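Engineer: I am attaching a structure below and will ask some questions about it afterwards.
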Amino acid sequence: MRYLRLGAVLVYSLLIVHSLLFIVFADEGISKAEAAKQKPATGKKAFFAEFKDKVKITGSLYEYFIYQKNVYFNRLKADQFWETTLRLGAEYKPVDDLVFNFGVLGEGVAGDTNEYTVPARRDWKAILEFANFKVNKLFGQPLSLTAGRQNLEFGDGFLIYDFYSDRRAVWTASMRSLYATLLTYEPRENIKIDAFAGEVERNFKSYEVYLKDAAAYNGKRNIYGLNTHYAGKKGTVWDLGLLYKSDASQLHSDTFALSLRTSTPVPLVPNLTFEAEVVPEWGKTMAQNGGFSTTNPDNKRVDRRAIGGHVDMVYALKDKPMSPYTKLCYRYLPGDNPNTDKKNEAFDPMFYGFRNWGQWCMGSINGFNLFNSNEKAWMLEFGISPTKTTLARLMLYDFSLDRENNPDARKRFSREANLVFDWFPNDYFFCGAEFGFAHPLKAGRAYAGSDDNTMEVVSWMGLKF
């Protein structure tokens, strides 16, 4: 995999040179009649006029303020800080079937993080977010190739990752890019097949055993996968994905995952939608009983056999005043059975990240306490749109452990409520606010060593262009 990045950079550089030459000498290929109709242009003016028509500049500025009290149920007293994230990107299309993308992300944190330094840090940094090219209609077929630093997004969240774990801004810098090669085949408008391979060049933090060990293990990870997407009639969607993750951390959790996802209207029940994703996992790992295992004979890895996922029901009245909706979600991500030897039934959270709230990451507060392993959660969400440009949501959560970390603490972990308001008056500006409250139950109090509630107040705004 270390040659993947070098190869992408080399090809990317060669294509840039080729494209610049194409722009400079493009006029040589036009007919005399066409040339006569054009206004003569020479030198730099001709070059930049041609270049301007083929370049699209994009950007965004996000500002995010958060105040939290009794963080992690009083494991930290309080924090209050301001995040800023600036993105600048460019898309260059020298010819119809060739596109270059480049993007830079600047992020930083200011304020009192109260030693909340993982992952938030009180400084500023600029990093490369995108640098890739995409070639369409390879060999005259509905086949495209994307190579370089890019995002990989499939399904409803399980195959959406946070690859950059050394970030400053936690909430606003939703950076998931990595050096990868993506091959996409679209034989029909409603069918898409993606094959991909990627290299995470920085050490990634694994939170698989954080709940028990209070430690995140660093290590290089590579991913390989195949995903098939089908959009049927009347809004039905199916995804089938196969993923393999190699892990060079101390956990050595090399895992296969098969993701089966669907979203479909329920027959005979208007306005009701059924959504679900089921993910069986198998592989090898050093993790056992919720922690880092060194008790196996010869310090050998154990077999992983797990199955997790979520089931949702959404009832939405889009044509009624304020477009009200209700969503009920159950998520099951098992823990390891302590009564089995040389086997781990715990769900591998893969590249767990704080994104996609309400699907594979639940709870604005408990999303930082529980990490998609040894977890069961219920969510009830209500939402209305008082106007066409506003959205108000209330999310109620109940969290439990699948397996007890402490026999005396049982399994009930926490209850949480999030009240969120969003305003998006146009395509360029948005803002919002959230109030969060979480109450620890017996397992949560044992985890934190405290029975204090956690409260947070969050506000944000952003500009896009």
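Engineer: Points 7 angstrom from Cα along the Cβ direction at residue 417 and residue 330: gap in nanometres?
Structural biologist: Between residue 417 and residue 330, the simple spin-label model gives 2.4 nm.
Engineer: How would 310, 252, 229 line up from fewest to most surrounding beta-carbon atoms within 10 angstrom?
Structural biologist: Arranged by neighbour count, lowest to highest, 310, 252, 229 become 252, 229, 310.
Engineer: Could you pull out the pairs from 327/388; 137/233; 69/376; 137/388; 284/376 whose alpha carbons sit more than 31 Å apart here?
Structural biologist: Going by Cα-Cα distance, 137/388 fall outside the 31 Å limit.
Engineer: Find how much the distance from residue 398 to residue 237 grows on full extension, using 0.36 nm per residue of separation minus their present alpha carbon separation; answer in nm with one decimal.
Structural biologist: 55.1 nm
Engineer: Which value in nm describes the separation of the simple spin-label points at residue 388 and residue 343, placed 7 Å from the Cα toward the beta carbon?
Structural biologist: Taking the simple label geometry, residue 388 and residue 343 are separated by 5.8 nm.
Engineer: Taking the Cβ of each residue in 329, 431 as the centre, tally the other Cβ atoms inside 10 Å and list the residues starting with the fewest.
Structural biologist: Listing 329, 431 from fewest to most nearby Cβ atoms yields 431, 329.
Engineer: Ok, one more. Fully extended, how many nm does the chain gain between residue 226 and residue 457 (0.36 nm per residue separation, minus their Cα-Cα distance)?
Structural biologist: Computed gain between residue 226 and residue 457 is 79.1 nm.
Engineer: On to the next question. Fewest to most neighbouring Cβ within 10 Å: what's the order for 365, 307?
Structural biologist: Ranking 365, 307 by Cβ neighbours within 10 Å, fewest first, gives 307, 365.
Bear in mind these aren't lab numbers, they're just calculated from the coordinates by the rules spelled out. As the structure is a computational prediction, the values presented were derived from the model and not from experiment. Glycine also receives a Cβ, built like all others from the backbone with ideal geometry; neighbour counts cover every protein chain displayed.
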